[in-house]
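The values are calculated or read from the model by the stated rules, or taken from the named source; none is laboratory data. Please read these numbers as outputs of a predicted model, since none were measured by experiment. Cβ: placed from backbone, ideal geometry, glycine included. Neighbour counts: every protein chain shown. Note: accessible area is taken over every heavy atom of the protein model, side chains too, but ligands, DNA and RNA are not part of it. Shrake-Rupley method; radii C 1.70, N 1.55, O 1.52, S 1.80 Å.
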Amino acid sequence: MHKQNKIYVYFRKTLLIHIIGVTLLSLLMNTVRAEPSKQILAYSCAACHGINGVSRGPATPNIAGLTANYIIAAMLSYKYATDLDRAQAIVDKHDDLEDVVIQARPATMMSQVAQGYSLAQIKAIADFYSRQPIVRIVQDADTDRAKIGKKLHKKYCDKCHEDDGRSTEDDVGLLAGQWAAFLRDTLQDFNNEDREMSKKMAKKMKAMAKKHGNESMEDLIQFYISQQ
Amino acid sequence: MLNRRQFLQQINGALLASCLGIAPASYAKKSARVLIIGGGVAGLTVARLLKQIQPDVQITLLEKNKNYTFGAMSNAVLAGISQLQHIQFNYQKLTAAGINVIFDEAAQVDKDQVETVSGKKHPYDLLLMAPGVQARWTGMEVIGDIPTYCQWSSGTGIDVLSQQVAALKNGGKVIITIPEGMISGPAAPYERACMIADSLQKNGKNKSKIIVAQQPAHNDFSQRFVDIGSKLYPNLLEFRDKQKLQQVNFKTKQLTFAQGKETADLLQVIPPQQAATIAEQSGLTDNSGWCDVAAHTFLSKKNDKVYILGDAINHPLGLRKTAQCARSQAIICALAMSDKLSGKSFNGELPPILDVEYSLLKTDYAISHVDTYPWDATAQRFIESKTTTTDTLATAEAARRTFAYAQSWFNNLSYELFSS
């Protein structure tokens, strides 16, 4: 009986300490939610770009596994599409954005969408999607053209788009396993000079088109979508 | 029996969990019950997201239909661009995701429970209402049976309308009327006109006529459809504005406008609308027939345990009634509900509200209307949408891509809600 009483008293004391401690902690932590998680912010992109950035297609691209720099560059280029100098000024002002490359990007509605996000939100979204694993979309490919495309890729593209276009390292776009319609539109934009690119890439694209004709773009696309 | 240590561990765990917001402080004894009325885009987005944020919350969804037919993409069925089975879904995956789906209709909302038509009572700690709209056949005389597609409730009746469009003879006449006031899918009437025109054109019925008669005067929004529609279907489509509808006779297919009478082979009358019956019966609507809510929580102005979103509300920002806008609202509403369950107040950042409405006007030709409402963290409010035209692509190329993006949006959204 005596022993049980002691346990009871100990139990009460301990419980009281626990309650006081936890209540104090909760007063500190529990009252204000300062910002939505990265996951929640990224959720607004998923309506078009798919759950965790894996699109069900046929045209909105997969954004899972793109680098944070790539996504920030795209969003700022969209947001300040009519005034890219402003986007550049923002990038210049922040040390952590030194590798973000602002380039003109044609858009249908992404410029309007990008107006909705602050720089902090863009960074959070970029961080979230850069941590998602790359998923390659299974698509029917013309295997003969894919073979030609592979050779073209090795010769003209592989230096930057490493590992057969599978890698997004060094802030390049995802090619292997990306949606064909998106690759086609994007290559067309580069080719028409609607979308800005590095001098190096422009040179390579011109060289390829000169030697292999414009239809060689489709060979490349068939190679990229042939990969799992 | 638990020993002392186990007991303390449990108490501690529960308190700590509540403190971290894992389990709600005010509902620490048992997991909180959230009841959702309406299994459309708004209701399902909140159900799925809230389950992700707070897995312990018990979520019950009350939905009257076993199948959902999307309003979005339903017009494409008329032109054979999509099929009925691609826009119809069931709720099986919701159950697998841990959401309790009950096929029943809410009849009465009390302060802590909802009674259904079948007499069942569902208690709740928080209630979310996403019941959509109902037709308000007032201000005009209606004769005969109202076809399902004229009730304008998501994609309901699109199969019937599709058959009637297919049965139109060459030289047939269709009239689409648009009322004054807010409607679900503001661009949908114009999209419907174009998709019917596409079907007629594909089938060589070029002597036919579709008249779009709207009561409001044309503005920038409707003028865009007039301009493009007249270009895509020069002889098939005719647009009229300031047409006040006085009488609808579904028996004789005759419409009486203030300007005179019109008879057609097919009538698509779009009724004036208001929040669904259950919202009205629960005293959540105002004189206009819509529900007033707080701008960034979607908490009803009339009941502080009830959240309302989607087509049923009259939002201070004048948000339009579209599927994408409902999804966007739902993210913000889920955060607000989660805060309430955790006993947290909010003072920080929110994602923007994104309203994107795609309109398919022809195969490989679509346009979009985008409104973006960024969150101003300093002022703690959403900022009015500013339209910036930044299209650098030629119109036809932008329209071709937008058509593919519209399909991509639909594929991703419908998969997320019903198939994942």
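Can you tell me which residue is nearest to the other protein chains (Cβ to nearest Cβ) among those in the stretch B:43-77 that are open to solvent by 10 Å² or more (accessible area, probe 1.4 Å) and under 30 Å from B:TYR365 (Cα atoms)? Walk me through it before giving the result.
Start the filter on the stretch B:43-77 by keeping residues that are open to solvent by 10 Å² or more (accessible area, probe 1.4 Å), which leaves B:48, B:51-53, B:55-56, B:58, B:60, B:63-69, B:71-73, B:77.
So of that shortlist, the ones also under 30 Å from B:TYR365 (Cα atoms) come out as B:67-69, B:71-73, B:77.
Numbers: B:ASN67: 21, B:TYR68: 17, B:THR69: 19, B:GLY71: 16, B:ALA72: 11, B:MET73: 14, B:VAL77: 18 Å.
Applying the filter and picking the extreme gives B:ALA72.
Could you go through the stretch B:401-416 and let me know if any residue there is more than 7 Å from chain A (Cβ to nearest Cβ) and open to solvent by 20 Å² or more (accessible area, probe 1.4 Å). Quick ask: steps written out before the conclusion?
Of all residues in the stretch B:401-416, those more than 7 Å from chain A (Cβ to nearest Cβ) come to B:403, B:406, B:410, B:414.
Adding the requirement that they be open to solvent by 20 Å² or more (accessible area, probe 1.4 Å) leaves none.
No, the conditions are met nowhere in the stretch B:401-416.
Of all residues being of a type in the set (Lys, Arg) and assigned to a loop (DSSP other than H, G, I, E, B) in the stretch A:158-190, which is most open to solvent (accessible area, probe 1.4 Å)? Just the residue, please. Reasoning before the result, please.
Of all residues in the stretch A:158-190, those of a type in the set (Lys, Arg) come to A:159, A:166, A:184.
Among the residues that remain, those that are also assigned to a loop (DSSP other than H, G, I, E, B) are: A:159, A:166.
Values: A:LYS159: 170, A:ARG166: 62 Å².
Filtering the stretch A:158-190 for residues that are of a type in the set (Lys, Arg) and assigned to a loop (DSSP other than H, G, I, E, B), the one most open to solvent (accessible area, probe 1.4 Å) comes out as A:LYS159.
So B:ASP304 clears everything in (1) free of Cβ contacts under 8 Å to residues at least 12 places away in the same chain; (2) among the charged types (D, E, K, R); (3) open to solvent by less than 30 Å² (accessible area, probe 1.4 Å) except one condition, right? Which one?
(3)
For A:GLN115, indicate whether it is of a type in the set (S, T, N, Q) and open to solvent by 40 Å² or more (accessible area, probe 1.4 Å).
Values: of a type in the set (S, T, N, Q): yes; open to solvent by 40 Å² or more (accessible area, probe 1.4 Å): yes.
Judged against the criteria, A:GLN115 is a match.
Need the failing condition index for B:GLY155 against (1) touching a Gly at 6+ places or on another chain (Cβ under 8 Å); (2) modelled with pLDDT of 95 or more; (3) open to solvent by less than 50 Å² (accessible area, probe 1.4 Å), just the number.
(2)
Would you check which residues across the stretch A:47-63 are in a helix (DSSP H, G or I), crowded, with 21+ Cβ neighbours inside 10 Å and facing chain B (nearest Cβ under 9 Å) and list them? Let's see the steps before the verdict.
Keep residues of the stretch A:47-63 that are in a helix (DSSP H, G or I), which gives A:47-49, A:51-53.
Then keep just the ones that are crowded, with 21+ Cβ neighbours inside 10 Å; that gives A:47-49, A:53.
Those that are in a helix (DSSP H, G or I), crowded, with 21+ Cβ neighbours inside 10 Å and facing chain B (nearest Cβ under 9 Å): A:ALA47, A:CYS48, A:HIS49.
Can you run down the residue pairs with Cβ atoms below 9 Å, 6 or more apart or on separate chains, where the first is in the stretch B:366-384 and facing chain A (nearest Cβ under 8 Å) and the partner is of a type in the set (Phe, Trp, Tyr) and open to solvent by 30 Å² or more (accessible area, probe 1.4 Å)?
Close Cβ pairs (under 9 Å, with a partner that is of a type in the set (Phe, Trp, Tyr) and open to solvent by 30 Å² or more (accessible area, probe 1.4 Å)) amount to B:SER368/B:TYR405.
Please verify whether B:SER359 is within 30 Å of B:ALA404 (Cβ to Cβ), more than 8 Å from chain A (Cβ to nearest Cβ) and either part of a strand (DSSP E or B) or more than 16 Å from the chain's Cα centre (by Cα) (or both), treating the condition exactly as stated.
Numbers: within 30 Å of B:ALA404 (Cβ to Cβ): yes; more than 8 Å from chain A (Cβ to nearest Cβ): yes; either part of a strand (DSSP E or B) or more than 16 Å from the chain's Cα centre (by Cα) (or both): yes.
Taking the combined requirement at face value, the residue satisfies it.
Looking at the stretch B:165-179, which of its residues are touching a residue at least 60 places away in the same chain (Cβ under 8 Å) and open to solvent by 40 Å² or more (accessible area, probe 1.4 Å)?
Those that are touching a residue at least 60 places away in the same chain (Cβ under 8 Å) and open to solvent by 40 Å² or more (accessible area, probe 1.4 Å): B:LYS169, B:LYS173.
Need the failing condition index for A:LEU66 against (1) open to solvent by less than 40 Å² (accessible area, probe 1.4 Å); (2) away from chain B (no Cβ under 13 Å); (3) assigned to a helix (DSSP H, G or I), just the number.
Tallying (1) open to solvent by less than 40 Å² (accessible area, probe 1.4 Å); (2) away from chain B (no Cβ under 13 Å); (3) assigned to a helix (DSSP H, G or I), A:LEU66 fails exactly one: (3).
For the stretch A:134-157, which residues satisfy the criterion of being open to solvent by less than 90 Å² (accessible area, probe 1.4 Å) and either among the polar types (S, T, N, Q) or assigned to a loop (DSSP other than H, G, I, E, B) (or both)?
Selection gives A:ILE134, A:VAL135, A:ARG136, A:ILE137, A:GLN139, A:ALA141, A:ASP142.
Considering (1) open to solvent by less than 20 Å² (accessible area, probe 1.4 Å); (2) closer than 30 Å to B:GLN223 by Cβ, say which one B:ILE99 fails and leave the rest.
Status for B:ILE99: all satisfied but (2).
What is the number of the single condition among (1) open to solvent by less than 10 Å² (accessible area, probe 1.4 Å); (2) facing another protein chain (nearest Cβ under 9 Å); (3) under 30 Å from B:ARG33 (Cα atoms) that B:GLU349 does not meet?
If we test B:GLU349 against (1) open to solvent by less than 10 Å² (accessible area, probe 1.4 Å); (2) facing another protein chain (nearest Cβ under 9 Å); (3) under 30 Å from B:ARG33 (Cα atoms), just (1) comes out false.
Name, by its number, the condition in (1) assigned to a loop (DSSP other than H, G, I, E, B); (2) open to solvent by less than 40 Å² (accessible area, probe 1.4 Å); (3) touching a Cys at 6+ places or on another chain (Cβ under 7 Å) that does not hold for A:ILE125.
(1)
This table checks each residue for (1) of a type in the set (Gly, Ala, Ser); (2) modelled with pLDDT of 95 or more; (3) within 26 Å of B:SER31 (Cβ to Cβ); (4) out of contact with any Asp or Glu (no Cβ under 6 Å at 6 or more places or on another chain).
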{"position": "B:LYS305", "(1), (2), (3), (4)": "no, no, yes, yes"}
{"position": "B:THR322", "(1), (2), (3), (4)": "no, yes, no, no"}
{"position": "B:LYS340", "(1), (2), (3), (4)": "no, no, yes, yes"}
{"position": "B:SER345", "(1), (2), (3), (4)": "yes, no, yes, yes"}
{"position": "B:ILE353", "(1), (2), (3), (4)": "no, yes, no, yes"}
{"position": "B:GLU357", "(1), (2), (3), (4)": "no, yes, no, yes"}
{"position": "B:PHE403", "(1), (2), (3), (4)": "no, yes, no, no"}
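Working only within the stretch B:230-254, note down all residues that are surrounded by 14 or more Cβ atoms within 10 Å (Cβ to Cβ) and either without any contact (Cβ under 8 Å) to a residue 12 or more places away in the chain or of a type in the set (Ser, Thr, Tyr) (or both).
Result: B:SER230, B:TYR233, B:GLN254.
Given the stretch B:58-137, what helices (runs of 4 or more DSSP H) lie entirely inside it while holding 3 or more residues that are touching a residue at least 40 places away in the same chain (Cβ under 8 Å), closer than 30 Å to B:VAL165 by Cα and not hydroxyl-bearing (Ser, Thr, Tyr)? Lay out the reasoning, then the answer.
On the way: elements: B:75-78, B:84-87, B:92-96.
Filter on the stretch B:58-137 gives B:75-78.
With the condition kept exactly as written, say whether any residue in the stretch B:320-341 is part of a strand (DSSP E or B), surrounded by fewer than 20 Cβ atoms within 10 Å (Cβ to Cβ) and at the interface with chain A (Cβ under 9 Å from one of its Cβ atoms). Full working, then the answer.
So in the stretch B:320-341, the residues part of a strand (DSSP E or B) come out as B:321.
Cutting the leftovers down to surrounded by fewer than 20 Cβ atoms within 10 Å (Cβ to Cβ) gives us none.
Within the stretch B:320-341 (the criterion being part of a strand (DSSP E or B), surrounded by fewer than 20 Cβ atoms within 10 Å (Cβ to Cβ) and at the interface with chain A (Cβ under 9 Å from one of its Cβ atoms)), the answer is no, since none of the residues qualifies.
Quick check on the stretch B:385-398: of everything there that is more than 9 Å from chain A (Cβ to nearest Cβ) and outside any loop (DSSP other than H, G, I, E, B), which residue is modelled with the highest pLDDT? Steps first, answer last, please.
Step one: list which residues in the stretch B:385-398 are more than 9 Å from chain A (Cβ to nearest Cβ), which gives B:394-396.
Checking which are outside any loop (DSSP other than H, G, I, E, B) leaves us with B:395-396.
On the way: B:THR395: 85, B:ALA396: 91.
If we take residues in the stretch B:385-398 being more than 9 Å from chain A (Cβ to nearest Cβ) and outside any loop (DSSP other than H, G, I, E, B), then B:ALA396 is modelled with the highest pLDDT.
Identify the residue in the stretch B:180-202 that is in contact (Cβ under 8 Å) with a residue 60 or more places away in the chain and of a type in the set (A, V, I, L, M, F, W, C) and, among all such residues, is most open to solvent (accessible area, probe 1.4 Å). Write out each step before concluding.
Looking only at the stretch B:180-202, we keep the residues that are in contact (Cβ under 8 Å) with a residue 60 or more places away in the chain, and these are B:180-192, B:194-196, B:198-199, B:202.
Within this subset, residues satisfying the condition of being of a type in the set (A, V, I, L, M, F, W, C) are B:182-183, B:187-188, B:194-196.
Numbers: B:MET182: 66, B:ILE183: 15, B:ALA187: 3, B:ALA188: 20, B:CYS194: 3, B:MET195: 0, B:ILE196: 1 Å².
By that ranking, first place goes to B:MET182.
Report yes if some residue within the stretch B:270-281 is out of contact with any strand residue (DSSP E or B) (no Cβ under 8 Å at 6 or more places or on another chain) and open to solvent by 10 Å² or more (accessible area, probe 1.4 Å); otherwise report no.
No, that holds for no residue.
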